[in-house]
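Only the coordinates and a few stated rules stand behind these numbers; no lab work does. Computed from a predicted structure; not experimentally measured. Note that each Cβ is placed from the backbone with ideal geometry, even for glycine, and that neighbours are counted across all protein chains shown.
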Amino acid sequence: MSVTLSKESFECMGLFQAVTSVTAKDCVIEDGRVVFIVETANMGTAIGAGGKNIYTLQKRLSRRVKVFEFDQEPEKFLANLLDGIKPQKIKILTDKEQQKTAVVQISPEDKGKLIGAEGKNIKTLTTLLQRHHGLNSIKIKTGSVSITTK
């Protein structure tokens with residue numbers, strides 16, 4: 001899949017590479033934060049000793065910075081993006097119109113963290129899953145409650 005970047009995202013990726021010596025695969029700027037996607041082998045280098053690269057980027061960008069590992073498998077990529085949330089189950093469903101939905105089952109206590117304030121976390125997840133794996137929506141299951149985002 002190809003990713004179209006804004007000028008600001010492109011500039012952030014340039015700064016990311018200058019600070020970390022790692023080429024980011026993607027950059028999403030949403031809700032006052034910058035999210036970078038890197039290849040798995042580059043994660044430690046991107047973060048830097050003691051998180052120094054992330055700290056430097058946050059100071060220079062005046063925004064919160066997150067870095068996640070890419071994976072060719074959409075289930076593994078989604079698990080990487082869950083940022084400390086341990087999913088009970090993840091699966092990808094394709095309907096008869098070939099629309100793909102990620103279904104993630106988590107504990108009820110993790111629902112708020114997954115969605116984020118004003119939906120910012122789920123918005124970023126949806127953007128990244130669409131860009132890299134063509135997923136159209138995410139369905140969150142917490143016990144007997146289901147939430148679908150598009």
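The GluC sites (Glu not before Pro) found in region 71-115 that occupy coil by DSSP, while having at most 13 further C-beta atoms within 10 Å, are 97.
Gyration tensor over the Cα atoms of the chain: the corresponding equivalent ellipsoid has semi-axes (square roots of 5 times the eigenvalues, largest first) of 27, 17, 14 Å.
What relative contact order, as a whole-number percentage, does the chain give when Cα pairs under 8 Å and 6 or more residues apart are counted?
Value for the chain: 17 percent.
Let's test the formula: R0 of 25 Å, r as the Cβ-Cβ distance of residue 91 and residue 40. What FRET efficiency results, to the nearest 0.05? My answer for the efficiency is 0.70. Other residues with beta-carbon under 14 Å from the beta-carbon of residue 79 carry, at +1 per Lys or Arg and -1 per Asp or Glu, a net charge of -2.
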